[in-house]
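Quick notes on the structure that follows.
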Amino acid sequence: MERDGLIELSIVGCDKNGAVSADDIRAMFRQNTKLVVINHASNVTGEIQDVETMAEIAHAHGALILVDAAQSAGCIPIDVENWQLDLLAFAGHKSLYGIQGIGGLYIRPGIDLAPLKVGGTGTRSAWLYQPDELPTKYEAGTPNVPGIVSLKAGIEFINATGMSQINAATNRHMERFLEGLVGLEGVTLYGRETAENRLPVLSFNMKGLSPSDVGYMLEQSFGIVVRSGLHCAPLIHQELGTYPEGRYASARPASQRMTRSVSSWMQCDRLGRTHEGCRNKAN
Amino acid sequence: MKVVGIKQIEECVDGGSIREFQFDDSITKEFIDHLSQKAEKTQYFGSLPRPFFKLETPGRFTLKGVEGNRTVQVKLFGSDRNRTQEELVALAERRQEK
């Protein structure tokens, strides 16, 4: 839409932890600002934003708020009504334990959006146009039944296990991750150095190694699989200085309820000394 | 060392091609040193419990692996990447003949 000249964007930065400041949001409002879009939690640093305050700010300026809860749904209780969120998008395949290709969009009652897709009118097969009733209005075509079933199973798992139980496990993992990395020579950690106010993801780099090398080495040596690269989030990597100057972004481990023991991670306590063993014919 | 298999992993948007070489024995420090003859740049992280290494000749290939494993990951660049692959295989197998 921006490239088509239909909207203008104001991009708000973040601090070194990935936190977006309420003052920065306020300062960015223009007369034509209609919508504030914010990640509930960063998929790079794990930082959790105060979206309730952001919603107050947006509404005070006559704008709506859209919260991207792709990373947080399933990790943090979300109260769209009390937080007065207008729109909330979430992915089903992360902490909601569904399969890829399923997600959802909450639309506050009273907000009328044009459907992104139309066709396969379903409940009104004789109609030539997309029905106006909800949810059919926004659910064109054949539903992704396998995805929906998997999402239901994921949510039932969370409800049966208890979000607090899940968080207790993932927080333990995070504490061990951080314990293994913080302060190590040659390791740069992005985001908070504690498990406070963050989801169970973190990003780091190792001196002398690209993130993809770190990922390869962790998988081959320790059986730890991480996501390396930009994490589809180039803007926060620009803020963190890991892109484009850093060129390679970061390596990102994450934890969830099914993550097995992180004891092998603790072997990484030697990672910080790796550059001592580096020999480089080019230097 | 004999190359017993080469698996195509990925064609990259940067024009590189990632392949996995499988050897008939575990990679040793001596073998890494042998392969490094072909590289302009060698990194060897010997202080890791299982040392990671990376060999690189810009514009032609990067080869990375972990000492003790039987596989390495090779990224080949350029139009003559198949020839580069053949040279790397030949280099690896020459070691076995000695």
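Among B:Pro51, B:Leu76, B:Phe31, whose Cα projects farthest towards the positive end of the dipole of chain B, with charges put on the beta-carbon of Lys, Arg (+1) and Asp, Glu (-1)?
The listed residue farthest towards the positive side: B:Pro51.
Note down the net charge around B:Asp80, summing +1 for each Lys or Arg and -1 for each Asp or Glu among other residues with Cβ under 13 Å from its Cβ.
Local charge sum for B:Asp80: +1.
In nm, give the distance between the simple-model label positions of A:Thr142 and A:Asp23, each being 7 Å from the Cα along the Cα-to-Cβ direction.
For the pair A:Thr142/A:Asp23, the computed spacing is 5.5 nm.
Can you pull the semi-axes for segment A:35-126, root of five times each eigenvalue of the Cα gyration tensor, sorted largest first, whole Å?
They are 25, 20, 10 Å, listed largest first.
Using alpha carbons only, how many angstrom separate the centre of segment A:192-256 from the centre of segment A:20-90?
So the two Cα centres are separated by 24 Å.
Across the residues of A:206-213, average count of Cβ atoms on other protein chains within 10 Å?
Mean number of neighbouring Cβ atoms from other chains: 3.
As I understand it, the dipole of chain A uses +1 on the Cβ of Lys and Arg and -1 on the Cβ of Asp and Glu, about the Cα centre. Which of A:Gly18, A:Gly74, A:Gly186 lies farthest toward its positive end?
Farthest towards the positive end: A:Gly186.
Work out the FRET efficiency for A:Thr194 and A:Asp79 from their Cβ-Cβ distance, taking R0 = 30 Å, and round it to the nearest 0.05.
0.75
What is the sum of charges, Lys and Arg at +1 and Asp and Glu at -1, for the other residues whose Cβ falls under 15 Å from the Cβ of A:Ile76?
It works out to a net charge of -3.
Consider a paramagnetic label point 7 Å from the Cα of A:Met163 along Cα→Cβ; state which residues of segment A:75-97 have an amide N under 11 Å from it.
Counting backbone N atoms under 11 Å from the label point, the list is A:75-80.
Could you compute how fast chain A diffuses translationally, taking Rh as the Kirkwood radius over C-alpha pairs and applying Stokes-Einstein at 10 °C with viscosity 1.306 mPa s? Give it in µm² per second.
This corresponds to a translational diffusion coefficient of 75 µm²/s.
Within chain A, what's the longest run with no GluC sites (Glu not before Pro) in a DSSP loop and at most 11 other beta-carbon atoms within 10 Å? Give the range, please.
A:9-80
Taking segment A:92-214 on its own, what percent of its Cα-Cα pair distances exceed 21 Å?
63
At 1.4 Å probe size, with every protein chain present, just tell me what the per residue accessible area of the protein assembly as shown comes to in Å².
For the protein assembly as shown, the solvent-accessible area averages 53 Å² per residue.
Using 0.36 nm times the number of residues separating A:Val149 and A:Gln256, minus their current alpha carbon distance, what extension gain do you get?
The span from A:Val149 to A:Gln256 would gain 36.5 nm if fully extended.
Compute the FRET efficiency between A:Leu113 and A:Glu179 as 1/(1 + (r/R0)^6), taking r as their Cβ-Cβ distance and R0 = 45 Å, and round to the nearest 0.05.
The pair A:Leu113/A:Glu179 has a calculated efficiency of 0.50.
Out of all DSSP beta bridges in chain A, what portion is antiparallel? Express it as a percent rounded to 5.
65
With charges only on Cβ, +1 for K and R and -1 for D and E, what is the dipole size of segment A:14-67 about its Cα centre, in debye, rounded to 20?
Using only the charged Cβ atoms, the result is roughly 260 debye.
Which residue, A:Lys16, A:Lys94, A:Lys117, has the most motion in a Gaussian network model of chain A that connects Cα atoms within less than 10 Å?
Judging by the Gaussian network model, the answer is A:Lys117.
If I histogram all Cα-Cα distances within chain B using bins 5 Å wide from 0, what percent of pairs lands in each bin?
Once binned at 5 Å, the Cα pair distances of chain B give 3, 14, 26, 27, 19, 9, 2, 0.
List the DSSP H helices in chain A whose Cα atoms stretch 18 Å or more along the helix axis and whose mean Kyte-Doolittle hydropathy is at least -1.0.
Span-like helices, by this rule, are A:145-161, A:163-181.
Give me the Debye-computed log₁₀ of I(q)/I(0) at q = 0.15, 0.18, 0.34 Å⁻¹ for segment A:114-156, equal point scatterers on Cα only, no solvent, two decimals.
-0.43, -0.57, -1.13
Not counting the cut sites, what is the longest span of chain A without chymotrypsin sites (Phe, Trp or Tyr not before Pro) that DSSP labels loop and that have at most 12 other Cβ atoms within 10 Å?
The segment A:130-283 is the longest one with no such site.
Per the Kirkwood formula on distinct C-alpha pairs, the Rh of segment A:1-69 is how many angstrom?
12.6
Based on Cβ point charges of +1 for Lys and Arg and -1 for Asp and Glu, what charge dipole magnitude is obtained for chain B about its Cα centre, in debye rounded to the nearest 20?
120
Compute, for the protein assembly as shown, the length of the dipole vector about the Cα centre, with Cβ point charges of +1 (Lys, Arg) and -1 (Asp, Glu) only. Units Debye, rounded to 20.
That gives a dipole near 1320 debye.
The values are calculated or read from the model by the stated rules, or taken from the named source; none is laboratory data. Note that the structure is a prediction, hence the values are computed from the model and not measured. Here the Cβ is made from the backbone with ideal geometry for all residues, glycine too, and neighbour counts use every protein chain on show. Accessible surface is based on the protein model in full, side chains and every heavy atom, while ligands, DNA and RNA are left aside. Shrake-Rupley method; radii C 1.70, N 1.55, O 1.52, S 1.80 Å.
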